1. State whether the residues of segment 156-174 include one that is part of a loop (DSSP other than H, G, I, E, B) and either closer than 25 Å to Thr130 by Cα or out of contact with any Pro (no Cβ under 8 Å at 6 or more places or on another chain) (or both).
2. Anything in segment 167-181 that is hydrophobic (A, V, I, L, M, F, W, C) and either surrounded by fewer than 16 Cβ atoms within 10 Å (Cβ to Cβ) or farther than 15 Å from Leu108 by Cα (or both)? List them, or say none.
3. Would you point out the residue of segment 64-95, among those that are within 17 Å of Asn182 (Cβ to Cβ) and in contact with a helix residue (DSSP H, G or I) (Cβ under 6 Å, 6 or more places away or on another chain), that is modelled with the lowest pLDDT?
4. Among the residues of segment 116-136, is any surrounded by fewer than 20 Cβ atoms within 10 Å (Cβ to Cβ) and among the aromatic types (Phe, Trp, Tyr)?
5. Which of the residues belonging to segment 167-191 are of a type outside the set (Ser, Thr, Tyr), over 13 Å from the mean Cα position of the chain (by Cα) and farther than 21 Å from Gly156 by Cα?
6. Tell me which residues, restricted to segment 79-116, are within 26 Å of Gly192 (Cα to Cα) and among the hydroxyl-bearing types (Ser, Thr, Tyr).
7. Going through Glu142, Glu158, Glu102 one at a time, which residue ends up being more than 23 Å from Gly56 (Cα to Cα) and either surrounded by fewer than 21 Cβ atoms within 10 Å (Cβ to Cβ) or among the hydroxyl-bearing types (Ser, Thr, Tyr) (or both)?
8. For residues in segment 128-155 being within 17 Å of the chain's Cα centre (by Cα) and among the hydrophobic types (A, V, I, L, M, F, W, C), which is nearest to Thr202 (Cα to Cα)?
Amino acid sequence: MHIRSKILGAAALGAMTITTACVTDPVTGERRISSAAIGGIGGALGGYLLGDIIGGRDSRTESLIGAGIGGIAGAAVGSYMDRQERELRERTAGTDVDVIREGDDLILSMPSNVTFATDSSTIQPQFRTTLDDVSNVLANYENTFVDVYGHTDSVGTEAYNQALSERRAGSVADYLSSHGVNSARIATRGFGETQPVASNETEAGRAQNRRVEIKLVPIQQNGY
């Protein structure tokens, strides 16, 4: 419980930083975190959202090159991610999916009330249309890493929640790869109950914590 409180405190600090350090993107018109605030947010959240990709950037870049996927020149990264962000927002408008921009990275947060039934890793039929749209965009923007994160609330044992989060991340990754997204770009990780975004003391909070996130990071020609 003490560890969980610390995590929630860090998340709250990160939220305050985000609220006070947003700027309006001139291309998309959306609010995003200013580059000056990224370091502070990364520290507050332990580097989770702004950390490196699953499995290491260098090793995965080598694998993608071997699979025939190149990278983006440094000067073109921003506009490339702007276009991808704009299309994802258009495709997910009116759904419960949140598209979050952090620097040149994008995170799609998908609550389990639209993705999975309780205690299940089977994607709900009503969410497949949205996930089809997301898959189409990701397939068209192949110069990005696609990391899929699974999360749960704190109901049940830590071991069970860890396994459930991994299964849910795997289900979304499998769906993406079966709908046109190159599997070489995709990696998964389950966080179980360790990364709450709300209190697990209420049903509303637990519902927010049961989620899957897709993190999109540009593949750059020269690494970073």
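The values are calculated or read from the model by the stated rules, or taken from the named source; none is laboratory data. Only a predicted model underlies this, so the values are computations on that prediction, with no experimental measurement involved. As a convention, Cβ positions derive from the backbone with ideal geometry for all residues, glycine included, and neighbour counts pool all protein chains shown.
1. Yes, segment 156-174 contains at least one residue that is part of a loop (DSSP other than H, G, I, E, B) and either closer than 25 Å to Thr130 by Cα or out of contact with any Pro (no Cβ under 8 Å at 6 or more places or on another chain) (or both).
2. Val181 - this is the single residue of segment 167-181 that is hydrophobic (A, V, I, L, M, F, W, C) and either surrounded by fewer than 16 Cβ atoms within 10 Å (Cβ to Cβ) or farther than 15 Å from Leu108 by Cα (or both).
3. Ala67
4. no
5. Once the filter is applied, which keeps residues that are of a type outside the set (Ser, Thr, Tyr), over 13 Å from the mean Cα position of the chain (by Cα) and farther than 21 Å from Gly156 by Cα, segment 167-191 yields Asp174, Leu176, His179, Gly180, Val181, Asn182, Ala184, Arg185.
6. Listed by number, the residues that qualify are Thr92, Thr95, Ser109, Ser112, Thr115.
7. Result: Glu158 is the single residue among Glu142, Glu158, Glu102 that is more than 23 Å from Gly56 (Cα to Cα) and either surrounded by fewer than 21 Cβ atoms within 10 Å (Cβ to Cβ) or among the hydroxyl-bearing types (Ser, Thr, Tyr) (or both).
8. This residue is Val148.
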